[in-house]
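Note sheet for the following structure.
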């Protein structure tokens, strides 16, 4: 398993994962292209040198704040510490900045991961995820 910089050629590999994990709320290829064009920090977890099994992104808003854009791990690769590794890579990049994220209120596993890395709930975004109208829990890690 290696973590490498996410590049344009990874986009086509993440689309099936997006469909499987997020269904109608999946990101499109143009959304990923936009993230790369904005020079946000994205990484890919690659297994056996070729198979993308996860990815994560971080947007540095200013000198004091960063937002985790997304973290996703292929279903068949979950429960192996890949999400933790991706999160730790983003946090390392964020350095001493405050880090925020949104997570679905019904995603208890992700919330546990974030709490284990000193994130705390700071708010709710009602109906944030569309079209399911699922609320998002806003969490923050202030170093």
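Derivation of every value follows stated rules applied to the coordinates shown; laboratory data play no part. Note that this is a predicted model, so its numbers are computed, not measured. Positions of Cβ are generated from backbone atoms using ideal geometry, with glycine treated the same way; all protein chains shown enter the neighbour counts.
Which one, (1) 28; (2) 15; (3) 12, gives percent of Cα pairs over 27 Å apart as derived from the coordinates shown?
(2)
Provide the gained length on full extension for the span residue 79 to residue 28, in nm with one decimal, where the gain is 0.36 nm per separating residue minus the Cα-Cα distance. List each step's numbers first, then the result.
On the way: separation 51, 0.36 × 51 = 18.36 nm, distance 2.56 nm.
Stretched fully, the residue 79-residue 28 segment lengthens by 15.8 nm.
Quick one: Cα centre-to-centre distance for the stretch 73-88 and the stretch 100-114, in angstrom?
Each part reduced to its Cα centre gives a spacing of 14 Å.
Would you order 31, 17 from fewest to most other beta-carbon atoms within 10 Å of each residue's own beta-carbon? All intermediate terms of the calculation are to be shown ahead of the outcome.
Working: 31 13, 17 19.
Ranking 31, 17 by Cβ neighbours within 10 Å, fewest first, gives 31, 17.
Note down the nm distance, to one decimal, between modelled labels 7 Å out along Cα→Cβ at residue 2 and at residue 48.
1.6 nm
With 10 angstrom as the radius, rank 27, 33 by how many other C-beta atoms surround their C-beta, starting from the fewest.
Values: 27 19, 33 12.
Ordered from fewest to most neighbouring Cβ atoms within 10 Å, 27, 33 come out as 33, 27.
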